[in-house]
Amino acid sequence: MSRRSVLVTVIILVGLGAVVWLRASRGDGEARFVTVTADIMAAPISVTVEAPVASEAAEIVFSIFHAVDASMSEWKPTTPLSEVNRSAGRRAAPVPDELLALIRRGLAIGERTDGAFDITWAALWGLWDFTAEVPTVPADDAVGRRVMLVDFRRVQVDEAAGTVFLPQEGMVIGLGGIAKGHALDRAARALRARGIHDFMISAAGQMMLGGTRGGRPWRIGVRDPRGTRDDFFATLELTDTSVSTSGDYERFFVREGVRYHHILDPRTGRPSRGVRSATVVTEDATLADALSTALMILGVERGVSVAAAWDGVEALLIDDDGVVHTTSGLAGLPRTRTNPG
């Protein structure tokens with residue numbers, strides 16, 4: 001994606017509608033778009049397409065998400081990935097080629113992000129409960145023991161044998177930060193192969209955008225992380241690309257004035273600091289998924305630098321003071337947030 005292909009429209013906030021994506025008005029001759037939604041991979045997955053192809057498109061997209069979930073979920077005991085995790089410290093486990101390739105992709109992204117993206121983060125699961133009635137901050141020694149199990153560089157992949165080995169019991173691979181992006185890439189390719197070129201697929205905080213909506217770019221709202229769910233401060237006009245946002249405002253609790261959120265730094269075992277939200281725009285949905293998390297963890301200066309060094313990637317980060325930082329292709333956005341608190 002050329003850096004010039006991202007068109008930015010700035011919107012000043014005054015009670016505008018709360019949507020992650022913004023509906024284009026229906027003009028004369030514009031086909032009617034409809035949205036179909038299903039709950040897959042513990043998230044609402046939505047497909048927006050022209051009405052005549054909605055049923056076909058939904059069947060294609062949802063079947064792909066179900067297939068990815070059946071192979072790559074770390075929570076379902078029957079998946080090949082769960083077998084890798086059960087075998088930690090004992091033996092290498094065979095995995096399908098698609099899963100092997102995605103694990104290798106995750107390891108490569110880990111290297112380029114200084115370990116901010118780490119597919120072995122899942123050893124931290126259970127330390128933090130952001131949905132509890134009275135959430136607690138785990139003790140330092142408990143966090144320290146879990147962090148010792150997190151290190152993507154220790155994962156052993158044998159391509160010739162088609163196996164993956166975790167050398168220490170208690171290590172766990174979790175692909176929650178990359179699998180939805182992978183499913184989006186697969187789904188987009190499948191739709192285009194069937195001649196469906198105008199679509200939007202939404203998976204939690206990420207979207208894949210194909211073609212246009214009635215001849216106009218898709219308009220994606222950038223949420224104010226300290227506003228209400230109805231607040232956004234800008235829109236991105238996009239076509240044939242993916243956009244992914246991670247933020248500290250979805251699952252969190254506050255203790256003694258400190259916000260603890262669900263995006264954990266795998267190097268410390270604690271919530272990342274310094275960035276309220278990170279948005280990544282790139283044609284590669286798998287990369288967008290992983291990078292939006294990694295940039296939250298890397299911080300503003302390093303995060304913008306890492307994103308700018310990646311060909312075809314644009315990024316927007318909002319820091320703890322509410323200031324907006326972007327790569328060059330998104331430089332038209334405002335530099336200060338309207339809600340600094």
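To keep it simple, each residue is scored yes or no on (1) on the phi > 0 side of the Ramachandran plot; (2) more than 15 Å from the chain's Cα centre (by Cα); (3) of a type in the set (D, E, K, R).
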site: Met207; (1), (2), (3): no, no, no
site: Gly210; (1), (2), (3): no, yes, no
site: Trp218; (1), (2), (3): no, yes, no
site: Gly221; (1), (2), (3): no, yes, no
site: Pro225; (1), (2), (3): no, yes, no
site: Phe232; (1), (2), (3): no, yes, no
site: Asp248; (1), (2), (3): no, no, yes
site: Phe252; (1), (2), (3): no, yes, no
site: Glu256; (1), (2), (3): yes, yes, yes
Can you tell me which residue in segment 295-317 is farthest from Gly110 (Cα to Cα), limited to those that are in contact with a Ser or Thr (Cβ under 6 Å, 6 or more places away or on another chain) and assigned to a loop (DSSP other than H, G, I, E, B)?
Gly312
Need the failing condition index for Arg267 against (1) surrounded by fewer than 23 Cβ atoms within 10 Å (Cβ to Cβ); (2) at pLDDT below 95; (3) not small (Gly, Ala, Ser), just the number.
(2)
Looking for whichever is under 18 Å from Pro80 (Cα atoms), touching a Gly at 6+ places or on another chain (Cβ under 8 Å) and touching a residue at least 40 places away in the same chain (Cβ under 8 Å) here; the options are Thr163, Thr120. Which one fits?
Thr120
How many residues does segment 40-61 contain that are over 11 Å from Ala203 (Cβ atoms) and out of contact with any helix residue (DSSP H, G or I) (no Cβ under 8 Å at 6 or more places or on another chain)?
10
Which condition number in (1) loosely packed, with under 13 Cβ neighbours inside 10 Å; (2) not in a loop (DSSP other than H, G, I, E, B) is the one that Val164 fails?
(1)
What helices (runs of 4 or more DSSP H), lying completely within segment 39-150, carry at least 2 residues that are of a type in the set (S, T, N, Q) and surrounded by 15 or more Cβ atoms within 10 Å (Cβ to Cβ)?
80-86
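The values are calculated or read from the model by the stated rules, or taken from the named source; none is laboratory data. Keep in mind that what you see is a predicted model, and the values were worked out from it rather than measured. Note that each Cβ is placed from the backbone with ideal geometry, even for glycine, and that neighbours are counted across all protein chains shown.
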